[in-house]
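Structure record follows, encoded as structure tokens.
The values are calculated or read from the model by the stated rules, or taken from the named source; none is laboratory data. As the structure is a prediction and not an experimental result, all values here were calculated from the model. For neighbour counting, all protein chains shown are included, and Cβ atoms are generated from backbone atoms with ideal geometry for every residue, glycine included. Side chains are part of the model used for accessible areas, which takes the heavy atoms of the whole protein and leaves out ligands, DNA and RNA. Shrake-Rupley method; radii C 1.70, N 1.55, O 1.52, S 1.80 Å.
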Amino acid sequence: MKVLVVEDQARLAEFLRQGLVERSYTVAIAATCAAASDALSESSFDAVVLDLGLPDGDGLDLLIEWRASGFMEPVLILSARDTVEDRIRGLDLGADDYLPKPFSLQELLAHLRALLRRQAQVKQAVLERNGLRMDLVGHLVQLDGVQIDLTSREFALLEVFMQNAGRVMTRTQITEKIWASHYEIDTNLLDVYMSRLRGKIERGSVSRFKTVRGIGYQLV
Ligand code: CA
């Protein structure tokens, strides 16, 4: 799952990034309204954590803009503005949740899980294919009933394939979903991650992935 964190305090943004990455989320940080708009237009996200006081504007204006343009994924406001009026305003403008600062990371993660679980009922929270079971909200992967430990990026990679089982995924489609920004992408790295993932979820001579030369990969 990919989360956009809109936060201008660098240390707090880094703290959030680390906490989320440890729980297998892919994270992009935007420190300004402009950067947040760019991030959302260049990539898709499963949720947004939104600060309100930003150097070039108000997070609420971003929220209004996103909702008007049809962005329907969950938005959790994380703000030092925490009067009842502030919260009502944020929720009325289209936020799904509102957490005041200072906050506990554990609580933020729990709120985020709740939002994603709700969202996942529309999509699908548990994906299964050929003995492989993936719980997107609980971040668990099982192979024939046995738990498999994946790193956060391996998890994100597997999720792309499980969401698109049987389809050939191009290298661009894959990297766009598992790297936070286009600038980080090194396609050789994708092959490295693919081989690690295969090492963990393929047993014996069973091949779960088909390599489509020059194009990408397919989960069979
Ligand atoms: Ca701020």
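If r is the Cβ-Cβ distance from I64 to R129 and R0 is 45 Å, what FRET efficiency results, to the nearest 0.05?
The formula returns an efficiency of 0.70 here.
Close amide H partners of L54, meaning residues 5 or more places away or on another chain with modelled amide H under 5 Å apart, are G59. Dipole of the stretch 10-144 computed with +1 at Lys/Arg Cβ and -1 at Asp/Glu Cβ about the Cα centre; of S104, A13, W66, farthest Cα towards the positive end is S104. Please report the antiparallel percentage of DSSP beta bridges with both residues in the chain, rounded to the nearest 5. Beta bridges within the chain, antiparallel portion: roughly 55 percent. Each peptide in 37-50, 134-147 was scored by the mean count of other Cβ atoms within 10 Å over its residues; highest first, the order is 37-50, 134-147.
Counting every Cα pair in the stretch 128-220, what percent are over 18 Å apart? It works out to 41 percent of all Cα pairs.
Cα centroid separation, the stretch 113-170 to the stretch 57-83: 28 Å. Summarising the label geometry, the points placed 7 Å from Cα in the beta-carbon direction at S44 and R203 lie 3.2 nm from one another. For K200, which lysines qualify as cross-link partners when the Cα separation must be under 23 Å and same-chain residues fewer than eight apart are set aside? Within the straight-line limit of under 23 Å, K200 reaches these lysines: K2, K177, K210.
Normalising the average separation of contacting C-alpha pairs (under 8 angstrom, six or more residues apart) by the number of residues puts the relative contact order of the chain at 17 percent.
In Å², and per residue, what accessible area does the chain have when probed at 1.4 Å with the other protein chains present? Please list the in-between numbers first.
On the way: 10730 Å² over 220 residues.
With the other protein chains kept in place, the chain gives 49 Å² per residue.
Using a probe radius of 1.4 angstrom, the carbon and sulfur fraction of the accessible surface of the chain is 50%. Between R118 and Q18, the FRET efficiency estimated from the beta carbon spacing at R0 = 25 angstrom works out to 0.50. Once you list every other residue whose beta carbon is under 12 Å from the beta carbon of K123, what net charge do they have if Lys and Arg are +1 and Asp and Glu are -1? Once all neighbours under 12 Å are counted, the net charge is -1.
Along each principal axis, taking the top coordinate minus the bottom one, the Cα set of the stretch 12-170 gives 50, 32, 27 Å in descending order. Take the Kirkwood radius over Cα pairs of the stretch 92-152, plug it into Stokes-Einstein at 10 °C and 1.306 mPa s, and you get 117 µm²/s for translational diffusion.
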